[in-house]
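The values are calculated or read from the model by the stated rules, or taken from the named source; none is laboratory data. Being a predicted model, the structure only gives us computed values, none of them experimental. Every residue, glycine among them, receives a Cβ derived from its backbone with ideal geometry; neighbour counts consider all protein chains shown. We work out accessible area using only protein heavy atoms, side chains counted, and drop any ligands, DNA or RNA first. Shrake-Rupley method; radii C 1.70, N 1.55, O 1.52, S 1.80 Å.
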Amino acid sequence: LSGIPTHLVNVGNNTLWYLFQVPHRAHAGVWDKIIKAYTGGERERFVKEAIPLFAGLKSTGKGLKGAGELLRSGQITSFESKWAMEQGYAMGAFERSPSKAVREIGKYLTVPTKALRGMDVMAKTIAFDGQMKAIALRTGLQNKLKGQALQKHIQDFLKKPPDWAFDNAKKFADYATFMDEPGAVSTAIIHLRDAIPGGVGRFIVPFVNTIGNLMKRGIEMTPGVGLGLLKGQPKAEIVSKQIEGLILTTYALKKFMTGDIIGEQPDNKAERDAMYRRGEKPWSIRIGDEWFQYRRVEPFSTVIGATSIVAQKLKEHASENEISEALLNSAAAYKNFLIDSSYLSGISQIFDRYGSREGMIKRTATSMVPYSSFWRSIQRAYEAEVQGEAKLRESNDWLDAFRINIPPGLMKGSPSRLNVWGEEIILEGGAFRQWLPFKWSKETRDPVELTLKKLNTYPTPPSQEVTYRKKRIKLDDE
């Protein structure tokens, strides 16, 4: 949780999703007017609600004050955050320790978590106040008020809002920050995870409810598929979300047809390395001559990712007899899409989905260094600033793995990783870009790499493993 990219993802996705609610509310208002014109009944959404919803951003200062209160005291009376929901009984463990020394150390170790919780408090404050203002306007318009009468109604309403309005605004604030109550599936997974002794399950799968809510938001917008999750919502919300998803799906399909969208990276190491040498990235879209990753732009990435996955698998299994196989492969690819997500990155790091599981214990143990993710972020930024470029490092042994989890300059760096041509692998961008969770890279257009791709040939160093008498044997470096 200490990594700079994690904090930027939290701020970025909360902000982007709330800003999206502004045009979405106006869109829902248009459909509500059309639907009610035919079916009758009281209006449930108005286009004008987008204005007070946007005005909720004025409460940023108020939200920062609440965030500051949480950082100072470790508690907040107004709101809680998804981080507290996910951590459960682990929250406040240092403060509850019988050891004074542990309690003192805990004040410093829990700073990243408090900062993340503070960001959520700020986001919820903005969403709560914006929704309350929108409800005040909605009730006035429902009563056919205009001009001064409408303004007076809004002022009186906000001075003493009824309980139902408070509950509605709080529910929207939870929705806007992905903090809804867990559904049946998420609850079952949480119980299963927490049943593993020693808290091991929580360590490996720290986030369940957040991922579930991000998925729900994305699936709600997925054309056709999302209708099952939209039951019970106002008809205008259902129509507008499906249309918004259709726009995203159409865009993704268009990019796929022109070869401008990439899904998951290949399982084959040689193909995977070649993809990176060409400047391509998994889960990315080409705009001009640059590939921009969309994976962490959640929950919109769910619609784009699902579209690219299904389109790719249907292309690979073109005949009607292979449709079922294509759908099964799509499900497997979607699982990988989830594992590559922001809040499950710990799983892919521990199990190293594209590499050897032999280093799992080493990676897990060295990641227990306090602020390890923060130091990894700083290491690459420091290298890019001081040496002019950041390089991808090897972590073949315990010492190498430990080096990347400590402050820069304390130890000589690990050796650089080389590509198949013997060149050091350089990470794109300067110091600032090493902190960003949203990656992009320039397409190389190397004629050799493009020709090899066309020939479906991918050179790679000889493997250290050989099969002898049906047994896999690993040769030493010499």
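Annotation: Glu389 carries an accessible surface of approximately 70 Å², with a 1.4 Å probe and no ligand, DNA or RNA atoms counted. Within the assembled protein chains, the solvent-accessible surface assigned to Val30 is about 70 Å², based on a 1.4 Å probe.
Close amide H pairs (under 5 Å, H built 1.01 Å from N) link Ile261 with Arg286, residues at least 5 positions away or on another chain. Sorting 4-16, 292-304, 143-155 by their mean Cβ neighbour count within 10 Å, with the most densely packed peptide first, gives 292-304, 4-16, 143-155.
The simple Förster model, with R0 at 35 Å and r as the Cβ-Cβ distance, assigns Lys254 and Lys33 a FRET efficiency of 0.70.
Of all lysines in the structure, those lying under 26 Å Cα to Cα from Lys391, and not within fewer than 8 positions of it along the same chain, are Lys269, Lys281, Lys362, Lys412, Lys439, Lys442, Lys453. Computing Rg and the Kirkwood Rh from the Cα coordinates of the stretch 373-417 gives a ratio, Rg/Rh, of 0.92.
At a 1.4 Å probe, what is the % contribution of carbon and sulfur to the accessible area of the stretch 96-161? Looking at the stretch 96-161 in its full context, I get 59 percent from C and S. Computed with the Debye formula from one identical point scatterer per Cα of the stretch 200-270, without solvent, the log10 of I(q)/I(0) at q = 0.24 Å⁻¹ comes to -1.01.
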